[in-house]
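Below is one structure, written out as structure tokens; the observations come after it.
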Amino acid sequence: MEFRRVLFRSVTGGASTSAGSSDNGGEVQITSGASSTAEGGALTMSAGLGGTNSGVMTLATQDTTSGNSGAVSITSGDATSGVAGPMTLTVGSTDDASLGGALTLTAGSASNTNGGKTQITAGASAGGNGGEATFTAGASSGGVGGAIQDRKSVV
């Protein structure tokens, strides 16, 4: 019987552990290569392929007991000439009798103040047409197509 060693790689920024210290924890930054004459290097992060399930990818900030929790920002770059980088958020499909993956956008709730705002805004233009915001419900070849619902929550 042959055994293979499974490697686990971890990169961790330094911790600030001094009692009474107000020092920040260490940062971790991953940057692909730059080029002054051609395309910059791509950066790809992906979870592993599995025999039963693929790996899970989590991008999260930690909870805090005082102050604000960390923000998560995913931004494509501006373009001086040319098209600014598009952003696509896609949930996986399935070929069996299971459901396709769900996409949920939820703003934060608050116990003593206003809840967070969810906003989807198409791009503005100073010299052409403004961008479009399109919401399309899923089609079905074997049942009823999906619906777009506009609801206000009632407490």
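The values are calculated or read from the model by the stated rules, or taken from the named source; none is laboratory data. Remember, it's a predicted structure, so these values are computed and weren't measured experimentally. As a convention, Cβ positions derive from the backbone with ideal geometry for all residues, glycine included, and neighbour counts pool all protein chains shown. For accessibility, only protein heavy atoms count, side chains too; no ligands or nucleic acids. Shrake-Rupley method; radii C 1.70, N 1.55, O 1.52, S 1.80 Å.
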Practice item. Please indicate, with yes or no, whether at least one residue in the range 122-138 is open to solvent by 100 Å² or more (accessible area, probe 1.4 Å) and under 30 Å from D63 (Cβ atoms). Key: no
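Which one of these is closer than 26 Å to E39 by Cβ, small (G, A, S) and in a loop (DSSP other than H, G, I, E, B): A97, A79, A110?
The match here is A79.
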Scanning the range 12-34 for residues that are surrounded by 10 or more Cβ atoms within 10 Å (Cβ to Cβ) and touching a residue at least 12 places away in the same chain (Cβ under 8 Å), the one farthest from the chain's Cα centre (by Cα) turns out to be G14
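Which one of these is within 30 Å of G145 (Cα to Cα) and modelled with pLDDT under 80: A107, A97, A102? Write out each step before concluding.
Values: A107 fails: modelled with pLDDT under 80; A102 fails: modelled with pLDDT under 80.
Only one candidate qualifies: A97.
Pick out the one residue from T94, T80, T52, T37 that is within 23 Å of the chain's Cα centre (by Cα) and loosely packed, with under 10 Cβ neighbours inside 10 Å.
Working: T80 fails: within 23 Å of the chain's Cα centre (by Cα); T52 fails: within 23 Å of the chain's Cα centre (by Cα); T37 fails: within 23 Å of the chain's Cα centre (by Cα).
Within the list T94, T80, T52, T37, the selection yields T94.
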Pairing a residue in the range 119-142 that is of a type in the set (S, T, Y) with any residue that is assigned to a loop (DSSP other than H, G, I, E, B) and surrounded by 10 or more Cβ atoms within 10 Å (Cβ to Cβ), where Cβ atoms lie under 8 Å and the two sit 6 or more apart in sequence or on different chains, gives S125/G131; S140/G146
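When you check A102 against the structure, is it aliphatic (A, V, I, L, M), surrounded by 10 or more Cβ atoms within 10 Å (Cβ to Cβ) and assigned to a loop (DSSP other than H, G, I, E, B), yes or no? Quick ask: steps written out before the conclusion?
Working: aliphatic (A, V, I, L, M): yes; surrounded by 10 or more Cβ atoms within 10 Å (Cβ to Cβ): no; assigned to a loop (DSSP other than H, G, I, E, B): yes.
No; evaluated as a whole, the condition is false for this residue.
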Residue match in the range 14-30 (condition: assigned to a loop (DSSP other than H, G, I, E, B), β-branched (V, I, T) and at pLDDT 85 or above): yes
